[in-house]
Amino acid sequence: MNRTIYVIEHWEPVEPDFGRQHLVARGHDVRVVDPWRGEPLPELTGDEGGVLLMGGPQYVTHLDEAPYLRDELRFAEQVMEKDMPLVGICLGSQIIAHLHGARVDFHPENHATFGFYALQPTEAGRAHFPEAMKVLAGNSQGWEMPRGVTPLAHGEVFPNQAFQAGDKTIALQFHPEVTRAILDQWQQDHGETIGKPGTQSIEEQDAGFDAHDAALKDWYAAFLDRWFGPAAV
């Protein structure tokens, strides 16, 4: 039997992201849920393969504008209580950080990221990340490192980039899942962000994708295989 991995989305990407494609190719039963469209979150038994909480344009600090995020906060708590594998990416990482009591907010100098940036693993993070790694980031909010977690990586614009909580929860502020088609979509839909302090030009982003995406995807595929394990039980 193939266990279900739920992917909680917050927008409509032009195509399934690399992580979804990889998990399907590995034989996982991947089910996408769109709370932002009004779709209900699933009832969990604890036997599922895990959950991916994805990124999006919403803010944890603006729950009145995205009230479904309150349901997602409770849902993420249930995932952790049931000791299921949980990965939070960008907004997803901010949801996890918020649940661990950390402050989530805009950059203090109104900086943002949009492009490829160096990731610096901590000593504990070397078990997850190579020493020389550049990752795609696109965010204007970040999180303080929660208490009681294991810091895994730091970054250039937003200092906190990854942490692990317990054995099965990991938060990644960056975006390893973005394909070339999705990056094109970002550049078209969020072009107003480009030019803010901290962001890169489209030419720099394109060069970064050409130089670093293959290694980033290799890392993400291996990470997903390790974090969620084999498809069949």
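The values are calculated or read from the model by the stated rules, or taken from the named source; none is laboratory data. If you're wondering where the values come from, they're calculated on a predicted model, not measured in any experiment. Counting neighbours? That spans all protein chains shown, and the Cβs are built from the backbone with ideal geometry, glycine included. Protein only, heavy atoms only, side chains kept; ligands, DNA and RNA dropped before computing areas. Shrake-Rupley method; radii C 1.70, N 1.55, O 1.52, S 1.80 Å.
Quick one: compute the contact order of the range 145-202, relative version, from alpha carbon pairs under 8 angstrom and 6+ residues apart, as a percent.
Working: 47 pairs, mean separation 11.1, N = 58.
That works out to 19 percent.
Using the crude model of +1 on Lys and Arg Cβ and -1 on Asp and Glu Cβ, and no other charge, please compute the dipole size for the chain relative to its Cα centre, in debye to 20.
Numbers: 17 positive and 35 negative charges, 119 e Å.
Dipole of the chain, to the nearest 20 debye: 580 debye.
For the range 170-213 and the range 72-129, what is the centre-to-centre distance using only Cα atoms, to the nearest Å?
Centre-to-centre (Cα) distance: 18 Å.
Can you list the equivalent-ellipsoid semi-axes of the range 1-104, largest first and in whole Å, using the square root of 5 times each Cα gyration tensor eigenvalue?
Numbers: eigenvalues 92, 52, 29 Å².
Value: 21, 16, 12 Å, ordered largest first.
If you count only protein heavy atoms with a 1.4 Å probe, what accessible area per residue comes out for the chain, rounded to a whole Å²? Mind showing how you got there, number by number?
Working: 10390 Å² over 233 residues.
Ligands and nucleic acids excluded, the result is 45 Å² per residue.
Evaluate the relative contact order of the range 106-193 (contact order divided by residue number), counting alpha-carbon pairs under 8 angstrom at least 6 apart; express in whole percent. Don't jump to the answer; show the numbers that get you there.
Working: 137 pairs, mean separation 23.5, N = 88.
With pairs under 8 Å counted, the relative contact order is 27 percent.
May I ask you to list, by number, the DSSP H helices of the chain whose Cα span along the axis is at least 18 Å and whose average Kyte-Doolittle hydropathy reaches -1.0 or more?
Details: long enough: 68-81 (20 Å, -0.68); 202-228 (35 Å, -0.44).
Span-like helices, by this rule, are 68-81, 202-228.
With only alpha-carbon pairs counted, each pair once and no self-pairs, how large is the Kirkwood hydrodynamic radius of the range 41-168 in angstroms?
Details: mean 1/r = 0.0655 Å⁻¹.
The answer is 15.3 Å.
Given the peptides 49-59, 217-227, arrange them by the average over their residues of other C-beta atoms within 10 Å, most packed first. Kindly include the intermediate steps, with their values, before the conclusion.
On the way: 49-59: 21.6, 217-227: 16.1.
Going from most to least packed, we get 49-59, 217-227.
With no solvent and one point on each alpha carbon, what is the Debye value of log10 I(q)/I(0) for the range 132-184 at q = 0.15, 0.17, 0.18, 0.21 Å⁻¹?
-0.46, -0.58, -0.64, -0.82
Tell me the Kirkwood radius of the chain: reciprocal of the mean inverse pair distance over distinct alpha-carbon atoms, in Å.
Details: mean 1/r = 0.0564 Å⁻¹.
Computed over Cα pairs of the chain, the Kirkwood hydrodynamic radius comes out at 17.7 Å.
With a 1.4 Å probe and all protein chains left in place, how much of the accessible area of the chain comes from carbon and sulfur atoms, in whole percent?
Numbers: 5030 of 10390 Å².
For the chain, the apolar C and S fraction of the accessible surface comes to 48 percent.
For the chain, calculate the relative contact order in percent as a whole number, restricting contacts to Cα pairs under 8 Å that are 6 or more residues apart. All intermediate terms of the calculation are to be shown ahead of the outcome.
Numbers: 451 pairs, mean separation 52.5, N = 233.
With pairs under 8 Å counted, the relative contact order is 23 percent.
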